């Protein structure tokens, strides 16, 4: 359980590093990573982070970013969505 909380905090930090103006580009990077495209050699620090994530974490991140792009300016809305859906996508989260 502590490990899951740590994972959520790590993923939350990834989200915090992404500026509102970068959300669309971040979604594309996540999709490329999920599709198996190599992100090696990319100058974007997010690309380095993404290759370390597990498949279910990438799925969750893409979903939250898609909601975030729709909710730009409404931080509380997408943050609540992020925490709620984490329970569904990451095993053993309580």
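The values are calculated or read from the model by the stated rules, or taken from the named source; none is laboratory data. Just so we're clear, the structure is a prediction, and the values are computed from it rather than from any experiment. Quick reminder, even Gly has a Cβ in these numbers, built from the backbone with ideal geometry, and neighbours come from all protein chains shown.
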Determine if the stretch 33-40 includes at least one residue that is out of contact with any strand residue (DSSP E or B) (no Cβ under 7 Å at 6 or more places or on another chain), surrounded by 10 or more Cβ atoms within 10 Å (Cβ to Cβ), at pLDDT 85 or above and in a helix (DSSP H, G or I). yes
Within the stretch 11-32, which residues are farther than 17 Å from residue 63 by Cβ and part of a loop (DSSP other than H, G, I, E, B)? 19
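Results for (1) exposed (fewer than 11 other Cβ atoms within 10 Å of the Cβ); (2) modelled with pLDDT of 75 or more, shown as yes or no for each residue.
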| position | (1), (2) |
| --- | --- |
| 52 | yes, yes |
| 58 | no, yes |
| 73 | yes, no |
| 77 | no, no |
Please go through the stretch 79-94 and give me each residue that is surrounded by 13 or more Cβ atoms within 10 Å (Cβ to Cβ), over 14 Å from residue 15 (Cα atoms) and at pLDDT 75 or above, ordered by number. 85
